[in-house]
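First the structure, in the form of structure tokens, and then the observations on it.
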Amino acid sequence: MYRIGIDVGGTFTDCVAVDEETGAVRTCKVPTTPQDQSDGFVAGVEALGVPMSEISLVLHGCTVGLNAVLTRTGNTIGVITTEGFRDVLAMGRGQRPGGDQFNPRWQREFGDTRRPFVPRHLRRTVAGRIDRDGVEVVPLDEAGLESEVRFLVGQGVEAIVVCLVNAYADDKHERQAARIVADVAPGLPCWTSTGVHPCFKEYPRFSTAAVNTYVGPLVQGYLERAERRLAELGYTGPLMLMQSNGGVLPAATARDRPAYTLQSGPSGGVIGSQRGGGRIGLQNLITLDIGGTSADCAVVADGRPVVTTELELEHDVIIALPALDVHSIGTGGGSIAWVDTRGALRVGPRSAGAEPGPACYGRGGTEPTVTDALAVLGILGQARFMGGTATFDTEAATAAVAPLGEALGLDTPAAAQAIVDVATAAMVEAAREVSVYNGIDPRRFALYAYGSAGPVFGASIGRALGCESVVVPPQPGEESAYGLALADLRMDVGEPVVKQLGELPPGALEDAYTRLRDDARRTLGDRPGIDVTRWLDGRYQGQTWETPGVPVPERPLDDAAMTELRANFDDTHRRTWGYAVGHADVKVTMARVTATVALGTPDAPELAASSGAAPPSAEGARIFRGGAWREVPVVDRAALRAGDRVDGPALVVQPTATTVLDDGDTARVEPTGHIVITWGADR
């Protein structure tokens, strides 16, 4: 039997089948179908060539929700909120990006004058108030609420979200409002902010609920189509959806939690990196996934991915849910190069996408992309692209890059090299965002490079960061899909507990964890082997920002356990921020539980040992590197064995990725099939 991982990217849909007995992996790529991602999803399942009767599990990462957020193509939704709080969703947290602190023209991207998720006339207010202690101060105006719901229905909204002030303390008004929405507009999707996630901070809770509702009907419709089309193919098993937290949930459960899945694709790659790094003894990794439209960076420290409780999709668009802390930039293989009004070369964030794609794909693209630049430089070619089975037009790539070179006063190869250099600099900066700027020393970390373009840039980026090595996994082009097949079931739940640690009533925190544990287990269903981990968010009294991920002792919370919990908070604060304040009071803000069920996907088989002979080299390639054309050997990765060594300069090729080695680089093949690249001390 096989487990299938399908990851929908901006240009290609990556597909992996893992044999549940041996761990053997087979892979393929099919073009992504932007009009309906389920077309590419089903095509990928079929292209793997595994009979439906031999598939036990399909695990999926999709970008339907994230694309809708970034392009503002979600559903038309209405908001019901408390009187006086109509503009919370347009105001955000009042912060500016660092680069626009003094820009008088800067405007919030989701503000009412730009691209709001909910226009102001669809944000409606009602009387009613719960105070911060959960006491009803003003009863909910049911007649006014009913009138506002009828107004929104008349405006053609496709879903409604209820976001009321202080609902985290008592959500009875939100539940009351949801019942009225159901009575007035039966069948209209409706979410409440506390039903999505009851965090106590007002704007993060509102933002999370609004984005969840904005993409909800779209994601639900997509999952229904995907499940139906799988059934039509004869598949009878479950469809699992990757979440932003790195775990999967059954599609039937994830359907009601679309905000939990917005970063599903990048999360799969981080899980694959964690597993791969562990196999070769590397616990500290900076992961770099370079695909067609973006480069995604994350950190695995001490064998665990770094988790955030406030995922920022774009500036100040907050998803206040546990998620792998992935930083994404709009630089990838399909990113379009252009010259700005100052005459400077820029790369991205606009992408050629899957249609028409880069010019060299022969689908009608004419604008110069990073992939076209690599074609001009000779790094990619017809024989090496998709194993020689797909169209690859180097002349079209040259025709696309040449006008850009003329605008810059460069010949075509030099312009192509400039495109690659600018893209590389942007990706180095993205990796620094998740490492150096968060107090992580890259010299103690390996760079784990994947995505089809990851191995092209990996060694250059690793050297620029000062990493100890660069790791290229066995199937870099499909690593995110492989990570999906390796993922475990996971459910994160939380409950606000806004009290000083020393003032919590006896048993209050223990009772909260009991409720959360029971809730998580209900969601995961009657499954054996559910593992529950308890943790909390908190801050020193007077602080604004929380410290998440504080471990809670897995025993009754008596006085000794609470003392240990306080010590855990100080340790976590010191590790996160570089200091601790042992004399300050600690305020707990959220109790959290993570429940997981290991699905037990086996590791891939190891390679046979090397014979000691030099790795075979195919016909060489002529590439433009360091300002000059040169001949370099081309090594077929499929011919490499454990212990083999390849010295740069060289290209190590496989059907969906090319690993570039420069002068001084040395690639060593591990028994697991991973390539580990190192370089001399003088580099």
Worksheet item: Inside region 632-675, can you point out the residues that are assigned to a strand (DSSP E or B), small (Gly, Ala, Ser) and over 21 Å from Leu288 (Cβ atoms)?
Response: Ala642
Worksheet, complete the sentence: Those residues of region 515-538 that are within 21 Å of Asp558 (Cα to Cα) and outside any helix (DSSP H, G or I) come to a total of 7
Fill in: Restricting region 209-239 to residues that are among the hydroxyl-bearing types (Ser, Thr, Tyr) and under 22 Å from the mean Cα position of the chain (by Cα), the residue that is nearest to Cys199 (Cα to Cα)
Thr213
Discussion item. Looking only at region 357-371, filter to residues that are on the phi > 0 side of the Ramachandran plot and over 27 Å from the mean Cα position of the chain (by Cα); which one of those is surrounded by the fewest Cβ atoms within 10 Å (Cβ to Cβ)?
Written reply: Gly364
Worksheet entry | First in region 500-514 and more than 13 Å from Arg555 (Cα to Cα), second anywhere and of a type in the set (S, T, N, Q), Cβ under 8 Å, 6 or more apart | Gln500/Gln541
Discussion item. Here's a check for you: in region 58-80, which residue that is among the hydrophobic types (A, V, I, L, M, F, W, C) and at pLDDT 95 or above is farthest from Gly330 (Cα to Cα)?
Written reply: Ile80
Discussion item. Going residue by residue through region 594-606, is there one that turns out to be assigned to a strand (DSSP E or B), in contact (Cβ under 8 Å) with a residue 12 or more places away in the chain, in contact with a Leu (Cβ under 7 Å, 6 or more places away or on another chain) and of a type outside the set (A, V, I, L, M, F, W, C)?
Written reply: yes
Response to the item:
Residues of region 70-84 being touching a helix residue (DSSP H, G or I) at 6+ places or on another chain (Cβ under 8 Å) and surrounded by fewer than 21 Cβ atoms within 10 Å (Cβ to Cβ), in sequence order, are Thr73, Asn75, Thr76
Item to complete: State which residue pairs qualify: first residue assigned to a loop (DSSP other than H, G, I, E, B) and at pLDDT 90 or above and inside region 99-124, second residue loosely packed, with under 15 Cβ neighbours inside 10 Å and not β-branched (Val, Ile, Thr) in any location, beta carbons under 8 Å apart, and separation of 6 or more residues or different chains.
Response: Phe117/Arg72
Worksheet item: Looking at (1) without any contact (Cβ under 8 Å) to a residue 12 or more places away in the chain; (2) in contact with a strand residue (DSSP E or B) (Cβ under 7 Å, 6 or more places away or on another chain); (3) not hydroxyl-bearing (Ser, Thr, Tyr), can you tell me which one Arg534 breaks?
Response: (1)
Discussion item. Going residue by residue through region 516-539, is there one that turns out to be of a type in the set (S, T, N, Q) and farther than 30 Å from Arg3 by Cβ?
Written reply: no
Worksheet item: Got at least one residue in region 549-564 being basic (Lys, Arg) and either closer than 30 Å to Gly276 by Cα or in a helix (DSSP H, G or I) (or both)?
Response: no
Discussion item. Tell me which helices (runs of 4 or more DSSP H) are completely within region 364-461 and hold 1 or more residues being over 24 Å from Arg622 (Cα atoms) and out of contact with any helix residue (DSSP H, G or I) (no Cβ under 9 Å at 6 or more places or on another chain), or say none if there are none.
Written reply: 412-434
Fill in: Count of region 537-561 residues which are surrounded by fewer than 16 Cβ atoms within 10 Å (Cβ to Cβ) and in contact with a helix residue (DSSP H, G or I) (Cβ under 7 Å, 6 or more places away or on another chain)
4
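The values are calculated or read from the model by the stated rules, or taken from the named source; none is laboratory data. Since this is a predicted model, take the numbers as computed values, not measurements. Positions of Cβ are backbone-derived with ideal geometry, glycine not excepted, and every protein chain shown enters the neighbour counts.
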